[in-house]
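Participant: My questions will all concern the structure given below.
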Amino acid sequence: MKARILQATFALFFSALPATAQDERPPDFTKGDSIPANAKHDWNLGATGMRGWMHSHTLVTYDARQIYVTRVDAGSPADGTMAVGDVILGVGGELFSHDPRTEFGKALTIAESDAGGGNLTLTRWRAGTTENVTLKLPVLGSYSATAPYDCEKSRKILELGCKTLAARIAANAERENPIPRALNALGLLASGDPDYLPLLKKEAEWAAGFKAGGFQTWYYGYTMLFLGEYVLATGDQSVMPGLRRMALEAANGQSAVGSWGHGYALPDGRLGGYGMMNSPGIPLTISLVMARAAGIDDPVISRAIERSQFLLRFYVNKGSIPYGDHDPWIQNHDDNGKNGMAATLFNLTNEKDNAEFFSRMSLASHGPERDTGHTGNFFNILWATPGVALSGPHATGIWMKNFGSWYFDLARRHDGSFVHLGPPQPDPDSYHNWDATGLHLLAYAMPLRKIYLTGKRDSIVPQLDPDAALAIFNDGIGWDNKDRHSYYDKLDDAELFKRLSSWSPVVRDRAAIALSRRPSPPIDRLIAMLESPNLDERYGACDVFALLRGRAELAVDPLIACLSHSDMWLRVKAAEALTGIGKPAAKAVPKLLELMTLEDKAKDPRNMHQRYITLALFARGRDLLADSLAIVDRDLLHKAVSAALQNQDGRARSAIESLYGQLSYEELKPLLPVIIKSIAVAAPSGEMFADGIRVAGCKLLAKHHVREGMALIVRYTREQNSWASEHRTPELMKLLLAYGTHARKFIPELEKIAHYFEHDEPDFPRHLGIQKTKNIRETIASIRASTDTPELKSAR
């Protein structure tokens, strides 16, 4: 799985890079063009029994106008009428005009309705001849206005899907990846059909005995979720020992700040590798809630649930839950389904306002937004309906009518099973071969409310009426990965100001970007918004000022006034705006430094306020600090820097690096104790960024030949995060060599480290370990040959 995740990460990264004109041009199969050799992602074409390839670029398919048939299943509706190599040019007697993927999906939905009579008319090109042909599909009816609730078509799809899935599970369940296998079992369980209980008992026995040597957080979250739901639905206590084992492993494997990564925490309480990852962490938290509800009452589990929830509460009203311990994600209304996960979690733990926010965010995420996702959109689709459904049947009905119906119908095969469609990109994503039947059946099983994931516990979220649901759905319109601006750029100022005060941080950000792109944005009106009683309006104004940079000079004093507001996020937004403005806001620096020293251990024990002020001033606004550093009170500066270097977040600590080169040694000397501590003790979170300040500290000590630096460099070489350590190790060795003959006493320890890198370092490529070993041994030789004996300083 790790290899697939990394592969898809690079695929998604490169899909966002500028492409050549040839890459952007869709092939014309009617003129002899072929599918590009590096483009392997074809699509299921609903219940026709076909798969087809269509052009995709920058995560959209709307530039395509043709579908090349890549597969026709024997015995399917398309068999005998369509063949591999045929080209579909349109549906319903009309040529494709805007996006063959959505047009084909919507045609499927119409064909399966009573009015459509099961007739799907395709415009087929074959060997130079174009004609209309008709496929006969089963008539399932139409989706109701509140689908999947009170919806006969949804009921039929669920029934057929469960029947097909049960046969598949009985035949080859042991071959499935543990995540889709657990989801498939959940899909059957959600049907409430007692005929499936013998099969589900076997799946529960598998889950109870499941163990993983790696990626435990990913696998255990979903296997435990199934087990907890199974016990609560059936009362079968025989699987409880397995559920207890995994639940306690997960709870004890939580990091010191309440997070999980690809695996469990290291002995020091930090996460290895990438650090915090919310995509596995939130389902794992939900599974612990279910384990507790099933009867595993242990304070360790309750503590893990609360610590995880504490992390997630921070993002309420600020944005989508991000990849890890990062800024709120405001590019889309959901990110890999994590908002749907959070809505589900907070509904289960009776936190209404939090569940409501994340449910609304889920409803506003559809179309191009749902196509996005790190390593693929599997989890974005999985958690969509559970999140939306909490806002009521009108919310699901609107979401299904405008997106889910055609998307789900496109994913459903002629036997009733479902495939994972994946995002529009040339290559398949990490999950392209996963069975997505259980994923989709969970959505269709919502009306039955047989398990907690599908509504067995009443929603505490206020239920939306049709108009309110449509308004929130429409908040997600106007963005795609290829064209992020034109929709908002066309809106007039009045509409943009309305959106600037939206409940949605995503809408506010898009409106702010559009206003900032205007030649003469209404500065006075934006300044007036900074005094609004509506915090959303104030946030929106700050977003615009941050983007306007120097053009927002007139807003400096009102923004400084916002730094004294009681709302923490307004203070952060104002700080970001001021540092964006730059030089004209220099007088704000003393206040910003003062804010860095403030603590509120009761309301903000992780000191997120300090984190964001530090990032604004040092990481995002270095010009502002550089221009005013000469007049900054040194005592205040030292207090602020000392506080920031002890922040939990490695990225916030690393932002201070920008200051090291701007102060003299005498000015830095009072800070040496805390600088040394920031090297010796890694930040407990933000692991991917935590090495920055540690390396910077080592550089600083080596530059001034501070005696204590040698031991710290050697110790850090051994303890550093293995991720990218092949690049840091040569740098560290150069720093140690700068001490000349003084470093000789550390040669025995360096020999041990070299041996460790060459033979014993776990989960690290051997050839890179050998490379690090070579770096160290070459440094040992250079130290032995050195004649430099620089004068040493002491941090004491």
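The values are calculated or read from the model by the stated rules, or taken from the named source; none is laboratory data. Bear in mind that the values here come from a model prediction, so they are computed numbers and not experimental data. Virtual Cβ from ideal backbone geometry, glycine too; neighbours counted across all protein chains shown. Each accessible area value is taken on the protein alone, full model and side chains, heavy atoms only, with ligands, DNA and RNA left out. Shrake-Rupley method; radii C 1.70, N 1.55, O 1.52, S 1.80 Å.
Participant: What ³J(HN,Hα) values, in whole Hz, does the Karplus curve 6.51 cos²θ - 1.76 cosθ + 1.60 give for the stretch 195-204 when θ = phi - 60°, with x put for Gly and Pro?
Facilitator: 5, 8, 4, x, 5, 5, 5, 5, 5, 5
Participant: Okay, next question. Based on the alpha carbon coordinates of the stretch 122-226, what radius of gyration and maximum Cα-Cα distance (Dmax) apply, in Å?
Facilitator: In order Rg, Dmax, the Cα atoms of the stretch 122-226 give 19.3, 58 Å.
Participant: Further question on the same structure: Determine the sum of side-chain charges near PHE104: Lys and Arg each +1, Asp and Glu each -1, restricted to other residues whose C-beta is under 14 angstrom from that of PHE104.
Facilitator: Within the 14 Å Cβ shell, the charges total -1.
Participant: In Å and on Cα atoms, what radius of gyration and Dmax does the stretch 325-384 show?
Facilitator: 11.0, 32
Participant: Let a ≥ b ≥ c be the square roots of the eigenvalues of the Cα gyration tensor of the stretch 225-321; is it rounded (a/c under 1.5), or, if not, prolate (a/b larger than b/c) or oblate?
Facilitator: Verdict is prolate for the stretch 225-321.
Participant: About the Cα centre of the chain, what is the dipole size in debye to 20, counting +1 per Lys and Arg Cβ and -1 per Asp and Glu Cβ, all else neutral?
Facilitator: The dipole of the chain has a size of about 1760 debye.
Participant: Continuing with this model, one more query. Relative contact order for the chain: what is it in percent, counting Cα pairs under 8 Å that are at least 6 residues apart?
Facilitator: It rounds to 10 percent for the chain.
Participant: Give the shape of the stretch 410-563 as rounded, prolate or oblate, defined through the alpha-carbon gyration tensor: a ≥ b ≥ c are the square roots of its eigenvalues, a/c under 1.5 means rounded, and otherwise the shape is prolate if a/b is larger than b/c and oblate if not.
Facilitator: Prolate is the answer for the stretch 410-563, as a/c is 1.5 or above and a/b outweighs b/c.
Participant: On to the next question. Take the Cα coordinates of the chain, assign each an equal point scatterer, and use the Debye formula without solvent to give log10 I(q)/I(0) at q = 0.05, 0.09 Å⁻¹.
Facilitator: -0.30, -0.95
Participant: If you average the C-alpha positions of the stretch 574-588 and of the stretch 416-491 separately, how far apart do those two centres end up, in angstrom?
Facilitator: Their Cα centres are 39 Å away from one another.
Participant: Also: Quick one, can you get me the convex hull of the C-alpha atoms of the stretch 449-498 expressed as volume per residue in Å³?
Facilitator: Value for the stretch 449-498: 125 Å³ per residue.
Participant: Which of the GluC sites (Glu not before Pro) found in the stretch 753-796 are loop residues per DSSP with 10 or fewer other Cβ atoms within 10 Å of their Cβ?
Facilitator: GLU791
Participant: Based on the Cβ-Cβ distance of ASP467 and ASP298, what FRET efficiency does E = 1/(1 + (r/R0)^6) give at R0 = 41 Å, to the nearest 0.05?
Facilitator: Given R0 = 41 Å and the Cβ-Cβ separation, E is 0.35.
Participant: What is the spin-label model distance, in nm, from SER786 to ARG25 if the labels are put 7 Å beyond Cα along the C-beta direction?
Facilitator: Those two pseudo-labels are separated by 5.9 nm.
Participant: Can you give me the C-alpha center-to-center distance between the stretch 674-690 and the stretch 351-398, rounded to a whole angstrom?
Facilitator: So the two Cα centres are separated by 36 Å.
Participant: Given LEU45, SER255, SER362, which one lies farthest toward the positive end of the charge dipole of the chain, if we put +1 on the Cβ of every Lys and Arg and -1 on the Cβ of every Asp and Glu?
Facilitator: Projecting each Cα onto the dipole axis, the largest value belongs to SER255.
Participant: DSSP loop trypsin sites (Lys or Arg not before Pro) in the stretch 564-615 with at most 12 other Cβ atoms within 10 Å of their Cβ, which ones?
Facilitator: LYS601, LYS603
Participant: Could I ask something else about it? Assuming 0.36 nm per residue, please report the length gained on full extension of the stretch ALA83 to LYS669 beyond their Cα-Cα distance.
Facilitator: 203.3 nm
Participant: Which log10 I(q)/I(0) values, to two decimals, does the stretch 21-130 give at q = 0.12, 0.14, 0.19 Å⁻¹ under the Debye formula with one point per Cα?
Facilitator: -0.39, -0.53, -0.98
Participant: Set Lys and Arg Cβ to +1 and Asp and Glu Cβ to -1, take the dipole of the chain about its Cα centre, and tell me which of TYR452, VAL289, SER144 lies farthest positive.
Facilitator: The one lying farthest along the dipole's positive direction is VAL289.
Participant: With a ≥ b ≥ c the root eigenvalues of the C-alpha gyration tensor of the stretch 43-100, is it rounded (a/c under 1.5), prolate (a/b larger than b/c) or oblate?
Facilitator: It comes out prolate by the Cα gyration axes.
Participant: On full extension of the chain, what length is gained from THR234 through TRP723, given 0.36 nm per residue of separation minus the C-alpha to C-alpha distance?
Facilitator: That pair, THR234 and TRP723, stretches by 171.6 nm at full extension.
Participant: Quick check for you: with a 1.4 Å probe and neighbouring chains kept, what is the accessible area per residue of the chain, in Å²?
Facilitator: Normalised by residue count, the accessible surface of the chain is 38 Å².
Participant: Further question: Can you give me the C-alpha center-to-center distance between the stretch 157-177 and the stretch 246-294, rounded to a whole angstrom?
Facilitator: About 30 Å separates the Cα centre of the stretch 157-177 from the one of the stretch 246-294.
Participant: Considering only DSSP states other than H, G, I, E and B, which trypsin sites (Lys or Arg not before Pro) in the stretch 274-313 qualify as loop sites with at most 16 other Cβ atoms within 10 Å?
Facilitator: Sites meeting the loop and neighbour criteria: none at all.
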